[in-house]
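What follows draws every value from the coordinates through simple rules; no lab data is involved. What you are looking at is a predicted structure, and each value in this text was computed from that prediction instead of being measured. All Cβ positions, glycine included, derive from the backbone under ideal geometry; neighbour counts span all protein chains shown.
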Ligand SMILES: [Zn+2]
């Protein structure tokens, strides 16, 4: 039987949730990121543990994400598993008052909301860990590229202060341009 993946798998039942602690866990892979058309991440293996502490209309949510997401090495172009870890705290406030607004740390839901879907939040917080540029060595993986041009360039740049002065520059300094 083919498993049908949809956003419904990431619904947290709000109305049925009593006060106290509640635990959820997810394993996010390509199926999860495939739910988002614009996802940069195509393959991943990330475990998310979500602890929710509910006290009345306030829910304190602690997300702990850990795993790898697949990126292309900037040097050898091979896919590599990039390690990531993220801890986020989010407050969900159930309120029918108009003055309560969403912010980065507070999500406002209405008392009529039956579920809260956590897919978008997990998607966004994991994408923040997608590196602008990744190479195998940074993930402690062997790189199949033999092109060390960029490394040598960096080395030259870093040591240029201590490099012996080129005598041709000394000659130039003595030239009077007037
Ligand atoms: Zn590489």
Testing the spin-label approximation: label points 7 Å from Cα along Cα→Cβ at residue 86 and residue 45. State their distance in nm. 1.9
Spin-label pair residue 25/residue 38, simplified geometry with 7 Å Cα→Cβ offset, distance in nm: 3.3
Neighbouring Cβ atoms within 10 Å as the yardstick, rank 126, 12, 106 fewest first. 106, 12, 126
Calculated over segment 7-140: convex hull of Cα atoms, volume per residue (Å³): 111
If you bin every alpha carbon distance in segment 16-84 into 10 Å steps from zero, what whole percent lands in each bin? 19, 35, 26, 15, 5, 1
Counting alpha carbon pairs within less than 8 Å and at least 6 residues apart, what relative contact order, in whole percent, applies to segment 35-147? 23
Highest mean packing first, using Cβ neighbours within 10 angstrom, the peptides 68-78, 46-56 sort as 68-78, 46-56
Spin-label point model (7 Å from Cα, Cβ direction): what's the residue 145 to residue 53 distance in nm? 4.6
